[in-house]
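Novice: Here you go, one structure.
The values are calculated or read from the model by the stated rules, or taken from the named source; none is laboratory data. What you see is a predicted model, and the numbers here were worked out from it, not measured in a lab. Here the Cβ positions follow ideal geometry from the backbone for every residue, glycine too, while neighbour counts run over all protein chains shown.
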Amino acid sequence: MEEKQFGNIPLSDNDGVSRREFIGVTLASSAALLTGGLASLVPRSTRAATSGSFLEASIPDLQALMNSGALTSAQLTSNYLDRIASLNSLLHAVIETNPDALAIAKKRDTERRAGHLRGPLHGIPVLVKDNLATADKMQTTAGSLALVGSTVPSDSVVVRRLRAAGAVILGKANLSEWANFRGNAPFNGWSARGGFTRDPYLLSFDPCGSSSGSAVAAAANLCATAVGTETDGSVVCPSGNNLNVGLKPTVGLVSQDGIIPIAHSQDTAGPICRTVTDVAIMLGVMQSPFGPVSGHPVPSDYTQFLQRGALKGARIGIDSRYFSHAFGGEQDLVAVANKGLDAMQSLGATLVPTDTGNPFQNHSKFYNDEFTVLLFEFKVQIAQYLAGLSNTSMHTLADLIAFDIAHCEEEMKYFGQEVFEMAQLTSGNLNDPVYLSARRDNLIFAQGGINGALQRDNLDAIVAPTYSFASSPAAVAGYPDMSIPVGLTPEGKPAGLWMYSGFLKEPKLLALAYDLEQAIKPRTQPQFLGSVPPEPPDAGICATLAAAAPLPQAQLVNGRAQISRHLGTGKAFNP
């Protein structure tokens, strides 16, 4: 297939608001009209007020403009819808837009004029990943045709909180189908419903998964902000590969209710935004503690931690193994990450060599245990989720497997469903000794490694380069992990740092990330460089099925899974 050359696509600044109107928004009037902690953030980010464009505008920017009357939510929503219509045929970041988005935006405008603001996201258009239930005219399918037409019982808790805070749910973002937990896909960002998501910085670069559409949409200004989900790497990896700020919260800080699951022991939704400020605002809205976080005090407003100087005196751990090729580090991305480390030092941080443990020890036991845990939980928890749906014949994992076989050309042209099949082979019993021992050993390694490093070396946080294998320890431990952009490689690949710490350490991570962001100003608009790669070859699965020939059978070894690719990045292991 011939490659299609796109080159640099010019970005339109025409948003229906005159330059004079934008410049007329003074910081004083903006602060007077904003409520809560947002007003204090406006002076730090005034790009929208001086550029004549909604592009790159932060949530405080947009609130200032809407409160001043220089912009309405309806205008803003229309601008984003136009931009999606213009760019989505290239990027495939959005599966569908909300047919009621404009009507909702107009209602938010009416409320604003009446002096009623619902919350910090009032009138702000937000895209959510297509595995968060929305009880509206949109589908919730995890990108799969199997759930098209099904009806969810209600909004997910996250979506309900977004709406309560005044957000306009703009649409559903594309993703790696079933959150990258169906088969051994040799790529990230594809779903049967949404096609191939493309990185807007370098079209041939891996957008990473599974929240690829959420990250691409935020990066390309197709929305004000976006929501992704992570089990291992699926917020931080696409954020890193699309020059976004992304936060995977502590498991238990954000409700899982109404999110199509992989495994409740690791699943969480998280914000993907262009700035640390927006991530802090979104986290305050999204947080809905349960389980391990219940009973622990959590801040009501995370923007209070966004102060310069947080890196002065901070001790930042460096586990050097993740900067190496064997642990997923890529030379060009590591070079950019090292610039971020240099900036941290210049801001007064001390970089401390540390050791969080070798996950490849004992024949990759850590990664195999993680995969085993996820397979066991998925079989049980996907059935629980499907049981809440109506208007569908999908009730179990076996139903999903049969659907993919029946719709092979649409679903399995490029790769199979080996992961589904391995999950189906598990006992479906979360009291199974195989499951319990894998989970126990996983937690001992991940939590012990991170807690040990933090305590032994008196660390505030640990950092690693983006697109490495470093997402897994924090994912398994259930600890927060944050993707912080640093810059672009000479070729144009986004790169940066992942920063993680202990239980409920989001305030510390936000503070450190904000100090670095404000010093280096890493954010640049994507230029859509390079060309879209050709489609992958046909995997031959459907021809084999049509010939009634046997396909390779998924296998477990003594009830346990063996994995050859990193769950967070999809890259093959090179131990």
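Novice: Within the stretch 110-139, can you find the residues that are of a type in the set (S, T, N, Q) and under 11 Å from ASN174 (Cα atoms)?
Specialist: The answer is ASN131, and nothing else.
Novice: Considering each residue of the stretch 552-573, count those that are exposed (fewer than 15 other Cβ atoms within 10 Å of the Cβ), more than 14 Å from VAL419 (Cβ to Cβ) and more than 25 Å from the chain's Cα centre (by Cα), and give that number.
Specialist: 2
Novice: Only residues that are part of a loop (DSSP other than H, G, I, E, B) and within 30 Å of SER204 (Cα to Cα): list them for the stretch 493-514, please.
Specialist: Listed by number, the list holds a single entry, LYS493.
Novice: Still on this model: In the stretch 515-545, how many are touching a residue at least 24 places away in the same chain (Cβ under 8 Å) and outside any loop (DSSP other than H, G, I, E, B)?
Specialist: Result for the stretch 515-545: 12.
Novice: Of all residues in the stretch 381-391, which are exposed (fewer than 15 other Cβ atoms within 10 Å of the Cβ) and among the hydroxyl-bearing types (Ser, Thr, Tyr)?
Specialist: SER390
Novice: Within the stretch 284-307, can one find any residue that is under 20 Å from ASP199 (Cβ atoms), surrounded by 21 or more Cβ atoms within 10 Å (Cβ to Cβ) and aliphatic (A, V, I, L, M)?
Specialist: No, the stretch 284-307 has no match at all.
Novice: If you check PRO186 against the conditions, is it buried (at least 24 other Cβ atoms within 10 Å of the Cβ) and touching a residue at least 12 places away in the same chain (Cβ under 8 Å)?
Specialist: Answer is no for this residue.
Novice: Now, a different point. Quick check, is ALA146 assigned to a loop (DSSP other than H, G, I, E, B), among the hydrophobic types (A, V, I, L, M, F, W, C), modelled with pLDDT of 95 or more and in contact with a helix residue (DSSP H, G or I) (Cβ under 8 Å, 6 or more places away or on another chain)?
Specialist: Considered against the rule, which asks whether it is assigned to a loop (DSSP other than H, G, I, E, B), among the hydrophobic types (A, V, I, L, M, F, W, C), modelled with pLDDT of 95 or more and in contact with a helix residue (DSSP H, G or I) (Cβ under 8 Å, 6 or more places away or on another chain), ALA146 comes out as no.
Novice: Tell me which of these PHE420 doesn't satisfy, since it passes every other one: (1) among the aromatic types (Phe, Trp, Tyr); (2) surrounded by fewer than 21 Cβ atoms within 10 Å (Cβ to Cβ); (3) within 19 Å of GLU177 (Cα to Cα); (4) in contact with a Phe, Trp or Tyr (Cβ under 9 Å, 6 or more places away or on another chain).
Specialist: (2)
Novice: Which residues, taken from the stretch 336-380, are among the acidic types (Asp, Glu) and buried (at least 18 other Cβ atoms within 10 Å of the Cβ)?
Specialist: ASP369, GLU370, GLU377
Novice: Output the residues belonging to the stretch 156-172 that are in a loop (DSSP other than H, G, I, E, B) and crowded, with 21+ Cβ neighbours inside 10 Å.
Specialist: SER156, GLY166, ALA167
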